[in-house]
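The values are calculated or read from the model by the stated rules, or taken from the named source; none is laboratory data. Just so it is clear, the model here is predicted, and its values are computed rather than measured. For neighbour counting, all protein chains shown are included, and Cβ atoms are generated from backbone atoms with ideal geometry for every residue, glycine included. What goes into the accessible areas is simple: the full protein's heavy atoms, side chains included, and nothing from ligands, DNA or RNA. Shrake-Rupley method; radii C 1.70, N 1.55, O 1.52, S 1.80 Å.
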Amino acid sequence: ILVNLSNKNITGKEAENLLDSIGITVNKNTVPNEKRSPFVTSGIRIGTAAVTTRGFDVEAMKEIANIINEAIENKDKDLSYLNERVKVLCAKYPLYI
């Protein structure tokens, strides 16, 4: 999934680091008609292989989207509570090795 963050006050690189800090892995990615450097970018790419392998359902995917949005909207605040939401979600859908 490619998410264009041009309308947000954050770069793809900043979003990648921010989301990593709460336990969500994404990659910075250029978007169509990119205005920023490929090293900074205006978007993020969200892979779905990890969540589908774990069996995340529609509601879990909505929770991920809500957590990502809340993190970006509140990027300058303490986001430790979002890390807890990520942990709860991952515990509900554990990895089976």
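Residues in the stretch 22-81 that are acidic (Asp, Glu), assigned to a helix (DSSP H, G or I), open to solvent by less than 60 Å² (accessible area, probe 1.4 Å) and free of Cβ contacts under 8 Å to residues at least 24 places away in the same chain: GLU70 alone. Within the stretch 24-49, the residues that satisfy the criterion of being more than 9 Å from the chain's Cα centre (by Cα) and either of a type in the set (S, T, N, Q) or on the phi > 0 side of the Ramachandran plot (or both) are ASN29, THR30, ASN33, SER37, THR41, SER42, THR48. Tally the residues that are of a type in the set (Val, Ile, Thr) and open to solvent by 70 Å² or more (accessible area, probe 1.4 Å), restricting the search to the stretch 82-97. Of the residues in that region, 2 qualify.
When the residues of the stretch 1-21 are filtered to those that are among the small types (Gly, Ala, Ser) and open to solvent by less than 50 Å² (accessible area, probe 1.4 Å), the one that is nearest to the chain's Cα centre (by Cα) is ALA15.
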